[in-house]
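For reference, the structure discussed in these notes is given below.
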Amino acid sequence: VRQTASNALLAIAPDDPEVLEASLASAAQMRDRQLDELAESLGQRAPQVVQSGLTSDQPTVRLAAVRLVPKVFDAKQAASLLSAALDDKDAKVQQTAALALQQTGQNSPKLISVFIQSLGGENDWQIRSALRDQGRAVISPVIDLVLDPASNDAQRAAAAQLLADFGGEARIPQTKLRAALSSGDKAAQRWAAIVLASADPKSDAVVPIL
């Protein structure tokens with residue numbers, strides 16, 4: 001239905017900026033195959049339409065534009081546009097840009113930061129998989145997320161699972177986690193104990209807290 005609506009709008013007024021934006025808005029939830037068809041239907045206008053969509057006031061339009069970037073631009077141009085989208089004010093747009101950017105082979109502290117802030121939310125399994133692919137560089141900031149008083153339980157649970165995925169006490173720096181055990185923050189104590197217990201189930205230090 002969304003694809004039919006988009007194609008109909010484009011057929012009626014292919015050069016109308018409002019129609020182009022409405023077409024992108026309806027494309028935000030399309031499947032990849034449908035996006036391929038939309039990109040093809042836009043033809044030579046596709047780069048201009050997508051770049052315009054990236055600066056739209058509507059998050060759904062920016063989301064669709066981000067998803068279209070790898071289908072419309074070459075790898076170098078796509079990486080540049082997706083990197084800029086990491087600073088989008090909408091979290092879902094950021095996350096979509098980060099996942100697409102990783103597929104281009106790019107890596108950056110900002111990319112890791114977006115992934116970490118997306119833990120515990122929509123597509124959590126994809127985010128954890130993406131962070132595992134980044135290697136040990138993510139471990140320290142993920143520990144910081146576990147201990148951050150601003151983190152919610154969903155974020156902390158996803159972060160704890162990710163740290164468990166790295167496996168074994170030798171692979172998880174424990175200084176901050178052990179310091180948190182004696183802090184006044186009960187939530188930080190609990191989650192630090194959970195992470196430490198997953199790394200070393202025999203640890204006596206965490207038993208009183210758990």
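Some values worked out for this structure:
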read-out	value
Per-region count, segment 24-38, residues in a helix (DSSP H, G or I) and under 24 Å from Asp87 (Cα atoms)	6
From the options Ser183, Ser129, residue that is at pLDDT below 90 and of a type in the set (S, T, N, Q)	Ser183
Near pairs, Cβ below 9 angstrom, 6+ apart or cross-chain, from segment 18-47 (more than 12 Å from Ala64 (Cβ to Cβ)) to any residue that is open to solvent by 70 Å² or more (accessible area, probe 1.4 Å) and among the aliphatic types (A, V, I, L, M)	Val19/Ile12; Ser41/Ala11
Considering residues of segment 3-26 that are more than 16 Å from Gln48 (Cα to Cα) and crowded, with 17+ Cβ neighbours inside 10 Å only, the residue modelled with the lowest pLDDT	Gln3
Matching residues, segment 76-106, being of a type in the set (Gly, Ala, Ser), surrounded by fewer than 17 Cβ atoms within 10 Å (Cβ to Cβ) and more than 21 Å from Gly135 (Cβ to Cβ)	Ser80, Ala84, Ala91
Residue list for segment 40-61, filter: surrounded by fewer than 20 Cβ atoms within 10 Å (Cβ to Cβ) and outside any loop (DSSP other than H, G, I, E, B)	Glu40, Ser41, Gly43, Gln44, Arg45, Ala46, Pro47, Gln48, Gln51, Ser52, Pro59, Thr60
Residue tally, condition out of contact with any Leu (no Cβ under 8 Å at 6 or more places or on another chain) and farther than 22 Å from Leu181 by Cβ, over segment 135-153	3
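The values are calculated or read from the model by the stated rules, or taken from the named source; none is laboratory data. These numbers were taken from a predicted model, which means no experiment stands behind them. Note: ideal-geometry Cβ built from the backbone for every residue, glycine included; neighbour counts use all protein chains shown. Just the protein is used for accessible areas: all its heavy atoms, side chains included, with ligands, DNA and RNA removed. Shrake-Rupley method; radii C 1.70, N 1.55, O 1.52, S 1.80 Å.
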